[in-house]
Amino acid sequence: MVLLSLFTYHSLLIPVGSTGLDGTTCLPSPSSQPQTEINAVSEIHRALSVHPGRAWLVATGALTNVALLFATFPDMVQKIKGLSIMGGAIGNGFTDAPMGHVRGDGERFGNHTRYAEFNIYVRGSGKPNSEKKADWNQCDPEAARSIFSNPKLAAKTTLITLDLSHQVLANLEVQQLLAGDPLAPRSTPYHLNLRQLFHQILVYYAHTYRDIFGLSKGPPLHDPLAVATLLDGLNEVIGFDDRGGERWHVNVVTDGLHSDLDSERGEVGRTVISKAEEGGVRIPRGVDVHRFWELVEQCMQRAEQAISR
C-alpha cells in the first residue's frame, strides 16, 4: 500500500490557526524555500502513477486539486486503490457526536459556516505561492460535488465527516498519554522534542476548540482518522463502523451566494446524503476510539525509534 496525502492551511475559524500547525515552539525553521514553479495537479498525477493499483490518495484539505486531478486525468480513477477524504458534516442525528456551538450562532454542524465543513466549502490552489497566504474567502463546493458525483470514484471513496471526528476527542487523559513520561520504563527511546510538539499542538487545539465551539472535553482529531481508515482492512484493525456496509450518495449544495451573511449564503457547501443501493461513498458512523489512540501512541513510539537511529 502506498499513501499520498494532501493537506492545506486552515482558516482562522478552524482552531489549528492560520498555518495549520499553530501552538508549538518545537518546529525548526524551514531549510529550503517552497517550490513555486510546479503544478500541484501534475505532481499528484506523477506520484500516483508510480504505483498503479496500489496508491491511496488522502485529502485532508480543500478538494480543488483532487477534483482537477480526476477531471484532467480521468484514467486515475482506475489507477488508484482508494480515496480517503476528511470533509463534510451530515448532522441531523447521523451520529451522537457533539458538533459544538458558536457564540451568536447556536448549535450547528458545519465548522466553517453553519452548514458547511471547511474542506468542502473552500477553494485550494493548483500552484503554491510563497508571497501570499491562501485566501479562504474563495468558495469551491463544486469541487467536492464533482468527486462525489463520479460513480466509479465514489465507490472507491471513504468520507470522514465531523460526525465521526467529533467522537474522537483528545481529552486530558489522551494528552497525558501522548506527552509520555520520560522516567517510566520504556521499550523505545523517549524523544522530548517530538512529544512536546504533539502535546503543545493538542493543548492549543483544545483551548481554541473550547473557546470557539464550546467543546470542553477535548479537541476532536480530524485528519489522522482519514489516514487511519486505510489500515482498517489490514492487521492494524481500528474498527470503523459503517453499519455492515452502508454506502451513500453524497450531494454538495452549490446554490447560494458566497457571503458572510447566512441569509445570503444559504446552505452552500452542505453535504447531503441518501442511501445508495449499490456503489456509493463509505461514511463510517463510529470507530473504536480506544484502539485508535493506542495506534497513535504506537506511531509515536515508532517515530521516536526512527529519530534515535
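Does Asp105 satisfy the condition of being modelled with pLDDT of 90 or more and acidic (Asp, Glu)? No: the conditions fail for Asp105. Scanning the stretch 250-272 for residues that are closer than 23 Å to Val287 by Cα and touching a helix residue (DSSP H, G or I) at 6+ places or on another chain (Cβ under 8 Å) gives Val250, Thr271. A search for C-beta distances below 6 Å between a residue of the stretch 194-215 that is free of Cβ contacts under 8 Å to residues at least 60 places away in the same chain and any residue that is of a type in the set (Ser, Thr, Tyr) and open to solvent by 50 Å² or more (accessible area, probe 1.4 Å), counting only pairs 6+ apart in sequence or on different chains, returns Arg210/Ser216. The condition of being within 18 Å of Val66 (Cα to Cα), open to solvent by less than 80 Å² (accessible area, probe 1.4 Å) and at pLDDT 85 or above holds for only one of Ala134, Ala170, Ala154, Ala206, that being Ala154.
When residues of the stretch 251-291 are filtered for being in a strand (DSSP E or B) and hydrophobic (A, V, I, L, M, F, W, C), how many remain? Reasoning before the result, please.
Our first condition is that a residue be in a strand (DSSP E or B); within the stretch 251-291, this holds for 251-252, 271-275, 281-282, 286.
From the residues that got through so far, the ones that are hydrophobic (A, V, I, L, M, F, W, C) too are 252, 272-273, 281.
Selection size over the stretch 251-291: 4.
Taking the stretch 30-75 as the range and being in a loop (DSSP other than H, G, I, E, B), open to solvent by less than 80 Å² (accessible area, probe 1.4 Å) and acidic (Asp, Glu) as the test, only Asp75 passes.
Counting only residues that are open to solvent by 20 Å² or more (accessible area, probe 1.4 Å) and either in contact with a strand residue (DSSP E or B) (Cβ under 9 Å, 6 or more places away or on another chain) or at pLDDT 95 or above (or both), the stretch 76-93 holds 3 of them.
Considering each of Ser308, Ser274 in turn, give the residue that is polar (S, T, N, Q) and modelled with pLDDT of 90 or more.
Residue meeting the stated conditions: Ser274.
Can you tell me which condition Val252 does not meet? The list is (1) of a type outside the set (Gly, Ala, Ser); (2) within 21 Å of the chain's Cα centre (by Cα); (3) surrounded by fewer than 17 Cβ atoms within 10 Å (Cβ to Cβ); (4) under 14 Å from Cys139 (Cβ atoms), and all the others hold. Evaluating Val252 over (1) of a type outside the set (Gly, Ala, Ser); (2) within 21 Å of the chain's Cα centre (by Cα); (3) surrounded by fewer than 17 Cβ atoms within 10 Å (Cβ to Cβ); (4) under 14 Å from Cys139 (Cβ atoms) leaves (3) as the failure.
The values are calculated or read from the model by the stated rules, or taken from the named source; none is laboratory data. This one's a predicted model, so the numbers in the text were calculated from it and none came from an experiment. Heads up, the Cβs are rebuilt from the backbone with ideal geometry, glycines too, and the neighbour counts pull from every protein chain shown. What goes into the accessible areas is simple: the full protein's heavy atoms, side chains included, and nothing from ligands, DNA or RNA. Shrake-Rupley method; radii C 1.70, N 1.55, O 1.52, S 1.80 Å.
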